[in-house]
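Working notes for the structure below.
The values are calculated or read from the model by the stated rules, or taken from the named source; none is laboratory data. All of these numbers come straight from a predicted model, not from anything done at the bench. Cβ sites come from the backbone with ideal geometry, for glycine too, and all protein chains shown count toward neighbours. Remember, those area values only see protein heavy atoms, side chains included, never the ligands or the DNA or RNA. Shrake-Rupley method; radii C 1.70, N 1.55, O 1.52, S 1.80 Å.
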Amino acid sequence: MDAVDLFSSCRKGDIARVRHLVEQRDVELNIRDKWDSTPLAGAKCEANTFDGERCLYGALSDPIRRLLKEYKRITAKAMQRDYYDQFLQTLLEQGSYSDVAFMVHGEMFKAHRCILSARSEYFAHMLETKWKGKSAIALKHPLVNPAAFGAIMQYFYTGRLDIDVNYVEDCKRLAKQCKISELIEELEVKCKQVYEFVSNKPGTCVKVLTLDPHDFQLQDGMALLADSALPAELRVGYGQLPFDLTDSFPSYPDICFRVGGYDFLCHKDHFSEGATLPAHPSIPVITLHDVSHDLFTRILYYIYSDNTQLSHENVYEVLCMADMYLLPGLKRLCGRTLAALLDHSNVLQIWRMAKLFALSRLEDQCTEYMAKIIERLVERPEFAETIREDAANVSARQETDSIPLVDEIRFHITSNVQTFSAIEEANQKLSALELLLSSIGLDC
C-alpha cells in the first residue's frame, strides 16, 4: 500500500522513494496514520499551531528544531496542489461573482448565496426570509466577532477552519447560532487535545486552532448545487424518495448552459472561465454543441463537488472533455479510474492514453504492471511495436541511448528486490526483456 510505503520511506530517510511516491504515485504527503501523525513532521510544522508545536517538541535536537522553525517551504500551505481546495480558497478570498456581502463591525466579507445555502440550513433560511433580496447585510450584534465570522466562512467554503485560540468561544457561540453542531463538536475535541498536549509538554505554546476538512461533508454540500442545476427530467431516482431536496432548495443560478436540448441552471462563480445553462429570462444562456448532456452531467458534478461517477464505458470520453475544458483534477480522477481497470489486455492502450494526456501517475502504474507481466508481454507483437515507437520518439536518439519505457520497466523489476528468490525472478524478467530488445534490433 502506497501510504504505508510513504511512512516507511520517511522513517528510513529514503528521499528518492518519498519523491517517487509523492510525485509519481500521487500519494498525499500529509496523510495521517491511526496515531494522528503525518509521514513528515516538518510537513505540518507551522508556528504556534497544535501540529507545529507537537512537531517541534518531538524533534531530536535543538539544531533540528531550529531548522524546522527556519525552513518555510514545507508547510501545510505547500502541500501537493489540490485544484478543488485551491479553487474554493480563491473563491473565498477574491469573492469572484459574489452576490452578497456581510459587514461585521467594519470588516466586509464577500460571499455567494448558493454556497452558503448549500452548506448551512440557517443561512439558507435567512437568505430566503430576513435577508431576502439584500446584497449587503450588516451584523451589528456585539457578540458576533469578525475573526469568528471569518473562520465560519472559511469552514463553509473549504471545510477547514483556522482560529486564534482567544476566539474559539466566539466561534463556538456563532456556530451554535448558525446551527452547525458538528463544528462545535470538532472544536471541543480539538480544544481537549490541545489542552492535554500543552499540560503534559512544558514550554509549548499553541496560539492557533486548526480543523482539517472532512471531504465528504464539503462535497455532499456542494453536490446539492449540482443536483439543483440538473434539469428535472434528468434527476433519475428522485421520484422514489419521500421528498426532493432540490424542490425547496434556493440555488440562486445566474447562468444557464443548454446541452442537447436540456437546460442546466448553474453559477458563474463555479464556471468563471467556461459555460453554463438556461432557465429564467434574465439569466444568460450558453449553448454547448461539443458535449452530450450525459457527459456534461459528469463534468458538472466534478466542478461542484470534486467527484463524479466514472465507469469503463464513459471514462475515455470524460477524459477527453476534461482535457478540452482544462480540468486537470478531473483528468487525474479519470486516471485513477483507468488504473483500476488495468489488465494484461489493455495495459498498452492505457499506457498510450496516459502518455497522450500527460497522466504521469497512471503512466507509472502501467509500467509497474508491465514489469509484473513482462514475460507474457514480450510474446505480443504490439508490445515490441510500442517499444519501437517510444524509441523513435526520443529526439536525436543514438543507437545505444536509453528508451524511457524500457527504463521504467527495468526500474520496477529491480525495485525493492531483497531476497535471493526475488533477485532470481527479477533476473529472469530482465533476460526476457533483453531477448526482445535484441530480436527487434534495439540496444539500450
### Query
Could you say which residue among D364, D390, D443 is closer than 27 Å to D323 by Cα and touching a residue at least 40 places away in the same chain (Cβ under 8 Å)?
D364
### Query
Among the candidates Q349, Q418, which residue alone is surrounded by 13 or more Cβ atoms within 10 Å (Cβ to Cβ), without any contact (Cβ under 8 Å) to a residue 60 or more places away in the chain and of a type outside the set (G, A, S)?
Q349
### Selection count where residues are more than 20 Å from Y302 (Cβ to Cβ) and modelled with pLDDT of 60 or more, scope region 268-292
6
### Task
Would you confirm whether any residue within region 379-396 is hydrophobic (A, V, I, L, M, F, W, C), outside any helix (DSSP H, G or I) and not assigned by the TED database to the domain that holds R17?
yes
## Note on the structure
Checked against (1) over 26 Å from Y97 (Cα atoms); (2) without any contact (Cβ under 8 Å) to a residue 40 or more places away in the chain, K179 satisfies every condition except (2)
#### Entry: Search result, residues across region 126-144 that are touching a residue at least 40 places away in the same chain (Cβ under 8 Å) and either open to solvent by less than 70 Å² (accessible area, probe 1.4 Å) or in contact with a strand residue (DSSP E or B) (Cβ under 7 Å, 6 or more places away or on another chain) (or both)
L127, V144
### Task
Take region 301-326 and flag every residue that is in a helix (DSSP H, G or I) and not aromatic (F, W, Y).
I303, S305, V315, E317, V318, L319, C320, M321, A322, D323, M324
### region 110-125 - residue that is touching a Ser or Thr at 6+ places or on another chain (Cβ under 9 Å) and open to solvent by less than 40 Å² (accessible area, probe 1.4 Å) and, of those, nearest to A151 (Cα to Cα)
A111
### Message
Take F264 and tell me if it is modelled with pLDDT of 85 or more and more than 21 Å from L127 (Cβ to Cβ).
### Response
yes
### Task
Go through the residues of region 169-192 one by one and say whether even a single one is within 26 Å of Y301 (Cα to Cα), touching a helix residue (DSSP H, G or I) at 6+ places or on another chain (Cβ under 6 Å) and not in a loop (DSSP other than H, G, I, E, B).
yes
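For S292, state whether it is of a type in the set (G, A, S), touching a strand residue (DSSP E or B) at 6+ places or on another chain (Cβ under 9 Å) and surrounded by fewer than 20 Cβ atoms within 10 Å (Cβ to Cβ).
In short, yes.
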### Query
open to solvent by 20 Å² or more (accessible area, probe 1.4 Å), in a loop (DSSP other than H, G, I, E, B), under 27 Å from Y84 (Cβ atoms) and at pLDDT below 90, is that true of P213?
yes
### Task
Just give me the residues in region 147-165 being under 27 Å from the mean Cα position of the chain (by Cα), surrounded by fewer than 21 Cβ atoms within 10 Å (Cβ to Cβ) and farther than 15 Å from L92 by Cα, in sequence order.
D164
#### Entry: Boolean, R410 is among the basic types (K, R), without any contact (Cβ under 8 Å) to a residue 40 or more places away in the chain and more than 30 Å from I303 (Cβ to Cβ)
yes
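Test of understanding: among V168, V144, which residue is among the aliphatic types (A, V, I, L, M), farther than 24 Å from T90 by Cα and under 31 Å from the mean Cα position of the chain (by Cα)?
After applying the criteria, what remains is V168.
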### Query
In region 330-369, how many residues are part of a loop (DSSP other than H, G, I, E, B) and of a type in the set (F, W, Y)?
1
### Task
Provide a single number: the residues in region 100-109 that are touching a strand residue (DSSP E or B) at 6+ places or on another chain (Cβ under 9 Å) and open to solvent by 60 Å² or more (accessible area, probe 1.4 Å).
3
### Query
Right, R298: in the same structural domain as C256 (by the TED database), part of a helix (DSSP H, G or I) and either open to solvent by 30 Å² or more (accessible area, probe 1.4 Å) or over 30 Å from D263 (Cβ atoms) (or both) or not?
yes
### Query
Out of region 149-168, which residues are touching a strand residue (DSSP E or B) at 6+ places or on another chain (Cβ under 7 Å) and either in a helix (DSSP H, G or I) or of a type in the set (A, V, I, L, M) (or both)?
F149, G150, A151, M153, Q154, Y155, L161, I163, V165, V168
